[in-house]
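Let me begin by handing over the structure; questions about it come next.
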Ligand code: C2E
Ligand code: MG
Ligand code: MG
């Protein structure tokens, strides 16, 4: 026989006595709500903490209205009405009570309908303080995502115009804290942060804890006139003070994503997505800051997301829509064709033909560059093998992404490719850029050494853009340095850059590297650049990237000198 069956056989008085006894051994506040007479019966202890004047309250509506937070009352009353009407037999909600000082106390209320011997439907249950429980459980004492979803759904449906903002807050380096200092340190940080947040907002602002280190604030009362950024700054100040107080034992900063504007027609799910996006933006663009949700950036992000899906589909469909183009590289000495750079092209029904500058980063972000990189390598190697029948020293340059270097077994791919296709290492040149590598990364050094041992040449691409670093030049020992078109264009326009490139060429030569000048479009540009003695030239002047067939037609069928191109 279960407890419920026992209770069903008791009178109201008997149940009350049992409850008084159990109450002494419980942290929770036990109660009986007689749904037929609207009489609320509670323990002595409950009256000490909350503003109830006696343990038996007849016609309790008005009293409950005083104890239950005004924003939650309607929700609670509706749920209890369902218990009274017989529509449901259990009651389980988390909401706010106000204590004797008017301070908000989060509670969890659970009850079961019992039909007593008098035939009355009674809700028998307990109220427990979430904060208390939370302390014992070592968490933040805030409600979680499920509760946020439920509350936000109601709010967005009934009073969307009252929402001033939602703000999602996250710790910038939480995984690091957990990893380095242990889970307990992580929990301490979360507790501290929860305290900094709740003490910075007034009571009408709802605070929930989401995933690991994230919190969401919902201001639906508009009672406080502060801008969300001001609140974020206040929390940030408190966090900094706490970190200082703990003598920088645990250093962390926080970022926030803020959603404001029109909340009508939004779902809870959507608000979670949008605030997450804004928070990620804040983290991506420097951390330790608050960023407001911006529709334009979000649309751009969705565009990239869709592009990623389309790319994945095409990759899985035997690289449908992908093609490798080739652009000639000529020797500066006599403009003879010495090689070509393999350049990836992608066109898709939905996106049309997309520039590599746009789709390569999407492939990199998603790791899809790894299968695509293999596809390019095999295509380029096969093409090279074929063209070497005409020009035995012909070399194909293949661009490598740092993602391939970091996250795939490149040496194995290269070995397999060379063996399967039957091409020797001197037929390939691998183009790498500096960005994405850390100079001291041991794996990179090992890779460069392996390539050297295998006699596969490296070219340092994009030289003159962004982060060019002379030390890197020395470390990777590239056989070729490719001066980027943007730098060449500048050098064509001003003497300073022109002289700079001239010196770089001298320096590269003294290190034993050749220099390839990229992006030469006009005869006069070529002439001007020839004066500073590059070794190789690549540019529209000698040929735009084209399909293998077109390339063969144009450069390999007749002669191999491009002097008259
Ligand atoms: P990159 O490796 O520096 O390639 C040279 C880029 O300059 C190519 O752009 C080429 O078409 C362009 N170019 C060459 N000569 C001229 C010229 O005279 N004038 C102008 N205006 N442009 C010229 P593309 O094909 O759009 O590729 C852009 C970038 O995308 C490449 O820069 C490379 O970083 C990346 N990429 C292309 N294919 C691959 C690939 O298979 N794998 C990887 N990881 N990246 C690739
Ligand atoms: Mg390149
Ligand atoms: Mg380049």
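Given the conditions (1) surrounded by fewer than 21 Cβ atoms within 10 Å (Cβ to Cβ); (2) closer than 22 Å to residue 458 by Cβ, which single one is not true for residue 337?
Single failed check for residue 337: (1).
Does residue 405 count as away from ligand 3 (no atom under 16 Å from the Cβ), crowded, with 16+ Cβ neighbours inside 10 Å and at pLDDT below 95? Don't jump to the end; show me each part of the working.
Values: away from ligand 3 (no atom under 16 Å from the Cβ): yes; crowded, with 16+ Cβ neighbours inside 10 Å: yes; at pLDDT below 95: yes.
Considered against the rule, which asks whether it is away from ligand 3 (no atom under 16 Å from the Cβ), crowded, with 16+ Cβ neighbours inside 10 Å and at pLDDT below 95, residue 405 comes out as yes.
Sort through 538, 522, 449 and tell me the only one that's more than 16 Å from ligand 2 (Cβ to nearest atom), in the same structural domain as residue 395 (by TED's automatic domain parsing) and closer than 30 Å to residue 405 by Cβ. Please lay out each step first, then the result.
Values: 538 fails: more than 16 Å from ligand 2 (Cβ to nearest atom); 522 fails: closer than 30 Å to residue 405 by Cβ.
Within the list 538, 522, 449, the selection yields 449.
Restricting attention to segment 99-113, and to residues there that are modelled with pLDDT under 90 and assigned to a strand (DSSP E or B), which single residue is farthest from residue 32 (Cα to Cα)?
The residue in question is 104.
Can I ask one more? Return yes or no: is residue 429 within 16 Å of ligand 2 (Cβ to nearest atom) and over 18 Å from residue 543 (Cβ atoms)?
For residue 429, the condition - within 16 Å of ligand 2 (Cβ to nearest atom) and over 18 Å from residue 543 (Cβ atoms) - is not met.
From the set of residues in segment 412-436 that are modelled with pLDDT under 95 and surrounded by fewer than 19 Cβ atoms within 10 Å (Cβ to Cβ), which is nearest to the chain's Cα centre (by Cα)?
Of everything passing the filter in segment 412-436, 436 is nearest to the chain's Cα centre (by Cα).
Another question, then. Pull out all pairs, ordered by first then second residue, where Cβ-Cβ is under 7 Å, the residues are six or more apart or on different chains, the first lies in segment 302-324 and is at positive phi, and the second is part of a strand (DSSP E or B).
So the pair list comes out as 321/346; 321/347; 321/348.
Just checking, which of 394, 448 is touching a residue at least 40 places away in the same chain (Cβ under 8 Å), more than 16 Å from ligand 1 (Cβ to nearest atom) and in contact with a strand residue (DSSP E or B) (Cβ under 8 Å, 6 or more places away or on another chain)?
394
Report, by residue number, each residue of segment 488-533 that is crowded, with 21+ Cβ neighbours inside 10 Å, within 16 Å of ligand 1 (Cβ to nearest atom) and closer than 21 Å to residue 399 by Cα.
Listed by number, the residues that qualify are 488, 515, 516, 517, 518, 520.
Taking segment 437-456, which residues are crowded, with 18+ Cβ neighbours inside 10 Å and not in a helix (DSSP H, G or I)?
Within segment 437-456, 437, 456 meet the criteria.
If you don't mind, there's one more thing I want to ask. Six or more apart or on different chains, Cβ under 7 Å: which pairs go from a residue in segment 126-155 that's not assigned by TED's automatic domain parsing to the domain that holds residue 265 and exposed (fewer than 15 other Cβ atoms within 10 Å of the Cβ) to one that's at pLDDT 85 or above and part of a helix (DSSP H, G or I)? Could you list them?
Final answer for the pair search is 138/187.
Now a separate question. Restricting attention to segment 15-43, and to residues there that are at pLDDT 85 or above and not in a strand (DSSP E or B), which single residue is nearest to residue 97 (Cα to Cα)? Steps first, please.
Step one: list which residues in segment 15-43 are at pLDDT 85 or above, which gives 28-43.
With the extra rule that they be not in a strand (DSSP E or B), the set shrinks to 28, 35-38, 43.
Numbers: 28: 14, 35: 20, 36: 24, 37: 23, 38: 19, 43: 16 Å.
It comes out as 28.
Additional query: Answer yes if at least one residue in segment 475-484 is assigned by TED's automatic domain parsing to the domain that holds residue 364, surrounded by 13 or more Cβ atoms within 10 Å (Cβ to Cβ), within 16 Å of ligand 3 (Cβ to nearest atom) and farther than 25 Å from residue 542 by Cβ, and no otherwise. Full working, then the answer.
Of segment 475-484, the ones assigned by TED's automatic domain parsing to the domain that holds residue 364 are 475-484.
Subset that is surrounded by 13 or more Cβ atoms within 10 Å (Cβ to Cβ): 475-484.
From the residues that got through so far, the ones that are within 16 Å of ligand 3 (Cβ to nearest atom) too are 476, 478-484.
So of that shortlist, the ones also farther than 25 Å from residue 542 by Cβ come out as 476.
Taking every residue of segment 475-484 in turn, at least one turns out to be assigned by TED's automatic domain parsing to the domain that holds residue 364, surrounded by 13 or more Cβ atoms within 10 Å (Cβ to Cβ), within 16 Å of ligand 3 (Cβ to nearest atom) and farther than 25 Å from residue 542 by Cβ.
Continuing with the same structure: If we only count strands (runs of 3 or more DSSP E) wholly inside segment 266-381, which ones have 2 or more residues that are in contact with a helix residue (DSSP H, G or I) (Cβ under 6 Å, 6 or more places away or on another chain)? Walk me through it before giving the result.
Values: elements: 290-292, 322-331, 337-348, 352-354.
Passing ranges, in order: 290-292, 322-331, 337-348.
The values are calculated or read from the model by the stated rules, or taken from the named source; none is laboratory data. Small disclaimer: the values here were computed from a predicted structure and weren't measured. Here Cβ is always computed from backbone atoms with ideal geometry, including for glycine, and neighbour counts include all displayed protein chains.
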